[in-house]
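J.: Before anything else, here's the structure in question.
Each value in this text was obtained by applying a stated rule to the coordinates, not by laboratory testing. Computed from a predicted structure; not experimentally measured. Methodologically, a virtual Cβ is constructed for each residue, glycine included, from the backbone with ideal geometry; neighbour enumeration extends over all protein chains shown.
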Amino acid sequence: MVLAAGLALYRSNKTTIVVYNDSSFPLVGVLVKACQQQFTIRRIEPEDSYRIQIAKTGSESDVDLAIPMEPPVSWKGGYIEPRGGYRIELRVLPDMSIKYSTQTSVWQRLF
């Protein structure tokens, strides 16, 4: 029981960003920046997603999302820390707007 609780607490400290493609066409070359880290997603098919795990380095920041298309899509907002069990969801909607939501780990809030 103690081992399971310790494992749950350890895993709850991971921070992730999930980018969902709710548009009707593939997204190519998506750039995500957060916590002084940068990630390029080569391709996300329609109705698919891509998960990014943030390394436990850097500091808190906004999240930047850029999609190189015509016209370019650029979004900045939210709040994320490299530790603390944040889960950020970015949904690229059919009109190319971005829907943002965030959750934090219950375990991290308790401790």
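J.: Which value, in debye to the nearest 20, gives the size of the charge dipole of the stretch 39-111 about its Cα centre, when Lys and Arg are +1 and Asp and Glu are -1 at the Cβ?
T.: Dipole magnitude for the stretch 39-111 comes out near 340 debye.
J.: Going by C-beta contacts inside 10 Å, put Tyr20, Tyr86 in order with the fewest on the left.
T.: On the way: Tyr20 17, Tyr86 25.
Ranking Tyr20, Tyr86 by Cβ neighbours within 10 Å, fewest first, gives Tyr20, Tyr86.
J.: What is the order of Glu60, Glu70, fewest Cβ neighbours within 10 Å to most?
T.: Final ranking by Cβ density, sparse to dense: Glu70, Glu60.
J.: How high is the relative contact order of the stretch 35-111? Use alpha-carbon pairs under 8 Å, at least six apart in sequence, and give a whole percent.
T.: Values: 96 pairs, mean separation 17.1, N = 77.
Result for the stretch 35-111 is 22 percent.
J.: Taking a ≥ b ≥ c as the square roots of the Cα gyration tensor eigenvalues, with a/c under 1.5 meaning rounded and otherwise prolate when a/b beats b/c, else oblate, which class fits the stretch 11-111?
T.: prolate
J.: How high is the relative contact order of the stretch 11-65, given as a whole-number percent (alpha carbon pairs under 8 Å, six or more residues apart)?
T.: RCO, the stretch 11-65: 43 percent.
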